[in-house]
Amino acid sequence: MAGKRGPKLISGTQLSAEIREELKVEIATLKKKKITPGLAVVLVGSDPASEVYVRSKRKTCADLGINSYAHDLPVTCTERKLLDLITKLNDDKKVHGILVQVPLPKHINEQKILNAIDPYKDVDGFHPMNVGRLLNGEECFVSCTPAGCQEMLMRSGYNPAGKHVVVLGRSNIVGKPIAALLMQKGMGGDATVTVCHSRTKNLSSITKQADILIAAIGIPEFVKARMVKDGVVVIDVGVNRIEDKTRKSGTRLVGDVDFKGVSKKARAISPVPGGVGPMTITMLMKNTVKAVRRAKK
Ligand code: GUN
């Protein structure tokens with residue numbers, strides 16, 4: 001089904017560039033009204049992966065003309081101190097969006113922190129109000145990775161309406177919200193969604209039914225060619241660093257999908273890197289611009 005030249009590549013890098021151009025136009029219009037979108041990016045500790053993500057988020061803000069306010073706190077930061085910072089950011093008119101990079105250190109209650117963010121500044125869409133509104137089909141902030149996956153499908157011509165979408169993974173950040181988003185009534189939704197996870201029995205019998213497969217289970221190259229049908233469209237959310245002695249660094253990034261094997265059967269597939277990753281950051285920028293519109297007057 002992939003055809004002689006292989007499947008179509010769903011490039012998050014390319015689609016992101018397209019969306020970022022659209023955002024630049026919106027940001028220029030806001031600037032004419034003397035408004036510059038502002039995003040507070042909070043990092044606690046020095047988890048290497050989180051540091052890479054946060055650097056990339058701040059750089060993208062700078063590229064697009066969004067003000068980013070960096071708050072780097074030591075790993076010893078108390079829950080109280082972090083809550084106080086959030087209160088300050090909630091009240092700061094220059095800050096339209098607040099992002100607290102997760103995971104947080106173990107001594108901090110993550111949900112308590114996310115719940116403290118003003119839901120109208122919650123550009124990550126992690127606050128229970130936004131999660132609930134997503135389920136209800138109401139206007140809200142949709143978390144960035146699910147929103148990015150949906151955009152990738154829509155902008156590449158793979159409307160999920162009426163399709164069987166199989167989601168691998170049930171995390172609060174990806175699996176659950178993407179299922180809610182794609183089963184929603186209306187544009188970008190209307191899919192029949194099945195969510196599979198580590199306790200699912202006969203997993204392959206379900207993944208083989210997928211018209212669209214979204215892999216977000218965090219296991220390197222878990223999805224093999226024998227687990228999918230011919231003509232499947234695959235979105236790979238996984239970001240896993242594995243050993244590779246042929247590389248100078250000694251490692252390389254792979255997704256949750258065996259890209260080479262699955263490419264032989266897929267109609268279209270997103271790569272890692274260059275797939276969902278850049279789209280997640282682009283959706284964060286889009287939500288920050290949206291936060292300006294949603295800001296309490
Ligand atoms: N950690 C992994 N993904 C994300 C994300 O989308 N937002 C935040 N805040 N933290 C993350």
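Details
- Residue-level check: of (1) in contact with a helix residue (DSSP H, G or I) (Cβ under 7 Å, 6 or more places away or on another chain); (2) of a type in the set (D, E, K, R); (3) under 25 Å from Q111 (Cα atoms), K208 misses just (3).
- Check on D230, farther than 23 Å from E151 by Cβ, of a type in the set (D, E, K, R), surrounded by fewer than 17 Cβ atoms within 10 Å (Cβ to Cβ) and at pLDDT 95 or above: yes
- Where a residue in the stretch 268-297 is within 12 Å of I235 (Cα to Cα) and within 16 Å of the ligand (Cβ to nearest atom) and its partner, wherever it lies, is of a type outside the set (A, V, I, L, M, F, W, C) and part of a strand (DSSP E or B), with Cβ under 8 Å and at least six apart: V272/D236; G275/D236; V276/D236
- Here E18 passes the criteria (1) over 22 Å from K290 (Cβ atoms); (2) under 18 Å from the mean Cα position of the chain (by Cα); (3) charged (D, E, K, R) except the one numbered (1).
- Helices (runs of 4 or more DSSP H) within the stretch 107-180 that include 3 or more residues within 21 Å of A40 (Cα to Cα) and within 15 Å of the ligand (Cβ to nearest atom): 110-116, 144-155
- Residues (acidic (D, E) and under 29 Å from S156 (Cα atoms)) located in the stretch 11-70: E18, E21, E22, E26, D63
- Criterion applied to L104, L73, L82, L99 was being closer than 18 Å to T280 by Cα, surrounded by 14 or more Cβ atoms within 10 Å (Cβ to Cβ), of a type outside the set (V, I, T) and within 16 Å of the ligand (Cβ to nearest atom), and the one residue passing it is L99.
- Within the option set A268, A215, being out of contact with any Lys or Arg (no Cβ under 6 Å at 6 or more places or on another chain) and small (G, A, S) holds for one residue only, A215.
- Residues considered: R247, R241, R252. Of these, the only one that is surrounded by fewer than 24 Cβ atoms within 10 Å (Cβ to Cβ), within 16 Å of the ligand (Cβ to nearest atom) and basic (K, R) is R241.
- Check on I212, within 20 Å of L181 (Cβ to Cβ), touching a Ser or Thr at 6+ places or on another chain (Cβ under 9 Å), surrounded by fewer than 24 Cβ atoms within 10 Å (Cβ to Cβ) and modelled with pLDDT of 95 or more: no
The values are calculated or read from the model by the stated rules, or taken from the named source; none is laboratory data. Nothing here was measured: the structure is a model prediction, and the numbers come from that model. With ideal geometry, Cβ positions are generated from the backbone for all residues, glycine too; neighbour counts draw on all protein chains shown.
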